[in-house]
Amino acid sequence: MRQQIMDAALELFANKGYAATTIREIIDKVGVTAPSLYYYFGSKEGLYRELIDVHCEKLDRVISLPPTASTSARRELKSLVAGFFDHVVENSDFFRLMFSAYYGPSQGAPYCDFVLYHVKFHTSIKQIFERGIASGEFAPGNTGNMTWVIRGVVQLAMEEQIKEDRQKIDTPGLQRIIDGILRRLAKPVPAKSGKHQKA
């Protein structure tokens, strides 16, 4: 029942906003009484905080995976982006709620530092580029700029996912875009010199 209340509340918060969603709507959607909600969460604010905490913890695990020494930087970056994007697809209501809270008015909702997760994701991507350049996998360059290119593509794909009125970029589509970018950032393989090369 606790999870059912959280799922119903998330859908309502994401689509109507925190202020416009009432306790009555949440309990009616689940088919429980108000005391059940108060028993688990104490209040609408308590329910909202619990939702945010649970989903932010999941998001933190997705974007803070430790590097794998045996994996190439290219594969590591693609894995990070794929894991993050799949998480967005599976939890689109949460990201819709995050975007509305981040870009819109607070509506009296409890504060959450969503910027922290943008910074963590940015840092993870940048560190992979730094390792890739150090290993010779990527050409030397400004890792900050490289990171913003990947972030920009992922951000666009996220927005396409959470908007209902647009053609969506799917996971294979995003991977093809990332592949195209990484091919341009790869360190060129030096041409082999031969004895009979023409002048």
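Bear in mind these aren't lab numbers, they're just calculated from the coordinates by the rules spelled out. Not measured: the values here are computed from a predicted model. Here the Cβ is made from the backbone with ideal geometry for all residues, glycine too, and neighbour counts use every protein chain on show.
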SER79 paired with GLN4, simple spin-label distance in nm, labels 7 Å along Cα-to-beta-carbon = 3.9
Entries in LYS78/LYS187; LYS58/LYS78; LYS78/LYS126; LYS44/LYS163 that, when Cα-Cα distance is taken, lie over 21 Å = LYS44/LYS163
request  = Using R₀ = 22 Å, calculate the FRET efficiency as 1/(1 + (r/R₀)^6) where r is the Cβ-Cβ separation of ASP113 and GLU45; round to 0.05.
outcome  = 0.85
remark   = Here, THR22 and ARG183, labelled 7 Å along Cα→Cβ, have an inter-label distance in nm of 5.7
inquiry  = Here are a few candidate values for Cα extents along the principal axes in Å: (i) 86, 33, 28; (ii) 50, 41, 29; (iii) 44, 38, 29. Which one was actually calculated from the structure I just gave you?
reply    = (i)
task = Select from THR123, THR147, THR33 the residue whose mean-square fluctuation is largest in a Gaussian network model of the chain (Cα-Cα springs shorter than 10 Å).
result = THR33
inquiry  = Projecting each Cα onto the charge dipole of the chain (Lys/Arg +1, Asp/Glu -1 at the beta carbon, about the Cα centre), which of ALA14, ILE125, PHE95 comes out farthest on the positive side?
reply    = ILE125
